[in-house]
Amino acid sequence: MKANPKPWLYGPNWQGIRCEARTRRGTLCQRPARLPVGRCKLHGGASTGPRTKDGLARLTEAKIKHSKFTKEKRAEARRFAEQGRQMRGELKELEAWFVDHGHLDKDWRNQFK
Ligand SMILES: [Zn+2]
């Protein structure tokens with residue numbers, strides 16, 4: 001077997017933190033740990049997602065397709081719907097009042113058929 005001509009930077013004398021995950025051979029992984037969880041890039045596990053507000057904002061931005069259903073738009077739609085319900089309620093009250101006081105027939109809508 002040909003010897004590796006390049007000395008390994010993370011040889012036995014390397015002082016840094018090692019990964020120490022259990023390998024399939026049963027030994028401990030000796031690669032340098034470089035993730036926040038203390039494992040190497042092969043043994044770090046799944047991504048934990050964005051950590052900062054900036055990162056999360058970037059993710060949100062990437063997920064938006066056409067901005068038709070953002071939180072703001074949906075809140076606005078709810079507000080408009082509530083307004084419409086209120087207006088229709090008031091109109092109904094007015095109609096009832098007009099009918100009660102004889103200004104309108106009970107079936108006044110039929111005039112416009
Ligand atoms: Zn490892």
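Bear in mind that the values in this text are calculations on the coordinates, not laboratory data. Model, not experiment: these values are computed from the prediction. So basically every Cβ, Gly included, is an ideal-geometry build from the backbone, and we count neighbours across all protein chains shown.
Of note:
- The residue pairs whose first member lies in region 37-52 and is on the phi < 0 side of the Ramachandran plot and more than 15 Å from the ligand (Cβ to nearest atom), whose second member is of a type in the set (A, V, I, L, M) and not in a loop (DSSP other than H, G, I, E, B), and whose beta carbons are closer than 8 Å, counting only pairs six or more residues apart or on different chains, are 50/56; 50/59.
- Take the conditions (1) in a loop (DSSP other than H, G, I, E, B); (2) of a type outside the set (Ser, Thr, Tyr); (3) surrounded by 10 or more Cβ atoms within 10 Å (Cβ to Cβ); residue 76 misses just one of them, which is (1).
- Of the criteria (1) away from the ligand (no atom under 12 Å from the Cβ); (2) loosely packed, with under 10 Cβ neighbours inside 10 Å, which one residue 60 fails: (2)
- Applying the set (1) away from the ligand (no atom under 16 Å from the Cβ); (2) surrounded by 11 or more Cβ atoms within 10 Å (Cβ to Cβ); (3) of a type in the set (Gly, Ala, Ser) to residue 33 leaves exactly one unmet item: (1).
- Any hit, region 63-72, residues being assigned to a helix (DSSP H, G or I) and surrounded by 10 or more Cβ atoms within 10 Å (Cβ to Cβ): no
- A single member of 38, 55 is surrounded by 10 or more Cβ atoms within 10 Å (Cβ to Cβ) and assigned to a loop (DSSP other than H, G, I, E, B), and it is 38.
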